[in-house]
Amino acid sequence: MITDHLPGVSVAIDRLIATISADRDRSFAFVQRLCRDHAPSILDLLVHHGAVLFRGFEIESREQYLSLLRDMGHEEARGPQMENKVPSPQKPVTPPRRDMAKLVPHDDVSMQGPHTELGWRSFRPRFVSFWCELPAAVGSETAVFDMARVYRELRTDLRDAFDSHLSNYYSQGKVTFFSEDFRVDSVLVHPETGRRCLVIWYFRQPLSPFAVEAYLATGRGSRAPLPPIAYEGRPKFMRVDPERLEHRLIDSTGSTMIFNDDQKRSLMATLYECAMYVKWQSSDLMIIDNILTAHARMQSVLPRKLWAAVWDEVDVRAFSANTQLAADECPRWRDAIIHPDPGLLDLP
């Protein structure tokens, strides 16, 4: 790892997350110089731990937030395989067309299942960033999962299944994203560390209730005051029925299998045993490695506003852990979206 000193800041490392905080100068100009002049060191922290959290700096606008990622050399994931998810430098930052806060009950934002960002496709962002404009007064956590540790600690039958099968997220008789049998790698080899990392996308029902059950078993869900736990209530935004999503595994012969409920419970229990939780503070900026980690929003009470963006699109088939299995190539990103919204993702 690169060990040169990051001047003017303190770096605290807690397993997955390296937190960078200001010693004295909290100004945007200072953190901008830091990101520009010490990008290799920051990237090194990111790819060896899984997440970098900038805390206590005066990052006061979406424009400033995006500029810091660009100063570190990251490119918007907007290549020929992916629609814009962040504005280009020439475009003004525009708000999304939808008021996301109206898509869930006003007094509750419910939890998501663990997911690799865009983990159902082979072209996906290498890194994901979040900036907190307004933290929730109650709740306001994001779970970050150590996917290398998850892979190591999986029950043997689960690990063997992932090692020998590709994954398909299938909507029980409906076209799931690209085709009914679209296949992605279940396990990737992290390009910088060589660690094997599980890929998972338990973003929607009926997979997500197993995540809720596993989270409650940790005891964190009983801490007051928190809103009732229920699963994500957004309307469907892709060509699938989100209430009927299933995770199928496909081997080299084309044979399929689906985990039984006991296996799903064991999988989710392992994930939440390998989770850390970031409680958002105003102006926090976090970048996560989208191979080494997965993430999930936890329940909170509105108002709460996060801005997410995706960076450095890669074809993860280059990192496949099983070269005998051939994952499918994606069609264009816009083909999977009913109403593509250029610009930042506004998360409630």
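Checked against (1) within 27 Å of I42 (Cα to Cα); (2) surrounded by fewer than 17 Cβ atoms within 10 Å (Cβ to Cβ), N290 passes all but condition (2). When I59 is tested against (1) in contact with a His (Cβ under 8 Å, 6 or more places away or on another chain); (2) outside any helix (DSSP H, G or I); (3) touching a residue at least 40 places away in the same chain (Cβ under 8 Å), exactly one condition is not met: (1).
For the condition at pLDDT 95 or above, among the hydroxyl-bearing types (S, T, Y) and surrounded by fewer than 23 Cβ atoms within 10 Å (Cβ to Cβ), S282 qualifies. In this structure, is L43 under 20 Å from S21 (Cβ atoms), touching an Asp or Glu at 6+ places or on another chain (Cβ under 8 Å) and at pLDDT 95 or above? Criteria not met by L43. Checking each residue in the stretch 118-157 for being assigned to a strand (DSSP E or B), touching a helix residue (DSSP H, G or I) at 6+ places or on another chain (Cβ under 7 Å) and among the basic types (K, R) picks out only R124.
Can we say L6 is over 18 Å from N290 (Cβ atoms), surrounded by 13 or more Cβ atoms within 10 Å (Cβ to Cβ) and at pLDDT 95 or above? Before the answer, list the steps.
Details: over 18 Å from N290 (Cβ atoms): yes; surrounded by 13 or more Cβ atoms within 10 Å (Cβ to Cβ): yes; at pLDDT 95 or above: no.
Answer is no for this residue.
Residues in the stretch 313-333 that are assigned to a helix (DSSP H, G or I), surrounded by 14 or more Cβ atoms within 10 Å (Cβ to Cβ) and modelled with pLDDT of 85 or more: V316, R317, F319. Evaluating M276 against the criteria (1) surrounded by fewer than 22 Cβ atoms within 10 Å (Cβ to Cβ); (2) more than 28 Å from S122 (Cβ to Cβ) leaves one unmet condition, (2). Within the stretch 72-96, restricting attention to residues that are buried (at least 17 other Cβ atoms within 10 Å of the Cβ) and among the charged types (D, E, K, R), the residue that is modelled with the highest pLDDT is E76. Candidates S122, S110: the one that is of a type in the set (S, T, Y), under 19 Å from the mean Cα position of the chain (by Cα) and at pLDDT below 85 is S110. For first residues located in the stretch 199-214 and over 15 Å from R297 (Cβ atoms) and in a helix (DSSP H, G or I), partners that are among the basic types (K, R) and modelled with pLDDT of 85 or more and lie 6+ apart or on another chain with Cβ distances below 8 Å form the pairs F210/K264; F210/R265; E213/R265; A214/R265.
Might you let me know whether the stretch 164-171 holds any residue that is under 30 Å from L43 (Cα atoms), touching a Lys or Arg at 6+ places or on another chain (Cβ under 8 Å), of a type outside the set (D, E, K, R) and modelled with pLDDT of 85 or more? The answer is yes; a qualifying residue exists. Within the stretch 221-243, the presence of a residue that is more than 25 Å from R304 (Cβ to Cβ) and modelled with pLDDT of 65 or more is excluded.
The values are calculated or read from the model by the stated rules, or taken from the named source; none is laboratory data. Note that this is a predicted model, so its numbers are computed, not measured. Cβ atoms come from the backbone with ideal geometry, glycine included; neighbour counts cover every protein chain shown.
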